[in-house]
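Bear in mind that the values in this text are calculations on the coordinates, not laboratory data. Everything numeric in this text was worked out from a predicted model, so none of it was measured. Positions of Cβ are backbone-derived with ideal geometry, glycine not excepted, and every protein chain shown enters the neighbour counts.
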Amino acid sequence: MSTRYRSRARPWISSVVCAWGLALGFLTQADALTEQRVEVTIKDFTFVTKQVPLQLNMPILILIRNEDQVRHDFGSSVFQGNPTEVESDGVISYGSGIQGVFLNPTGAAMIRMTIGRPGRYEFKCSIHQNMKGELLLMNVEAV
Ligand SMILES: [Cu+2]
């Protein structure tokens, strides 16, 4: 969705626009320019995560797909205190205090958030206690 923008060719424009978006304090179309994508696939009771090194204070989009025939949960303490937007089946929920997202068999969800502190953030399935994964947040300068 965001790839049609030429953010890489003109990085100064995106950083200016992004700074405005942050300054105004709401999610604007401009945030799509710098959205960092994380793909999580749940298959055979395992989280398979594809992520780029995530930068702090930049919008993160987490795409979760459940390929199993049972319900799973994507739960993490990373959502605590972080404004989070969850989109699933055309319904968008938002807030700063969610604990996780349930995914029905073959279901999918999108989570949008921004994280300000570096570290490893564990996520897990509350239904199957041995299912665990990790998001890695790095304190890397924007290129
Ligand atoms: Cu599960």
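The relative contact order of the stretch 35-138, computed from alpha carbon pairs under 8 Å that lie at least 6 residues apart in sequence, is 31 percent.
Here Asp44, Asp73 are placed in order of increasing Cβ neighbour count within 10 Å, fewest first, which gives Asp44, Asp73.
On full extension of the chain, what length is gained from Gln36 through Arg120, given 0.36 nm per residue of separation minus the C-alpha to C-alpha distance?
Working: separation 84, 0.36 × 84 = 30.24 nm, distance 1.64 nm.
Roughly 28.6 nm would be gained on extension.
Whole-Hz Karplus values for the stretch 50-61 come out as 10, 9, 8, x, 7, 9, 6, 6, 10, x, 10, 10 Hz, taken residue by residue from phi with 6.51 cos²θ - 1.76 cosθ + 1.60 and θ = phi - 60°; glycine and proline positions read x.
Across the stretch 48-68, the residues whose backbone nitrogen lies under 18 Å from the label position 7 Å along the beta-carbon direction of Asn104 are 64-68. In this rough spin-label picture, where each label sits 7 Å from Cα along the Cβ direction, the Thr49-Val91 distance is 2.7 nm. Extending 7 Å from the Cα toward the beta-carbon at both Asn57 and Met138 defines two label points whose distance is 1.9 nm.
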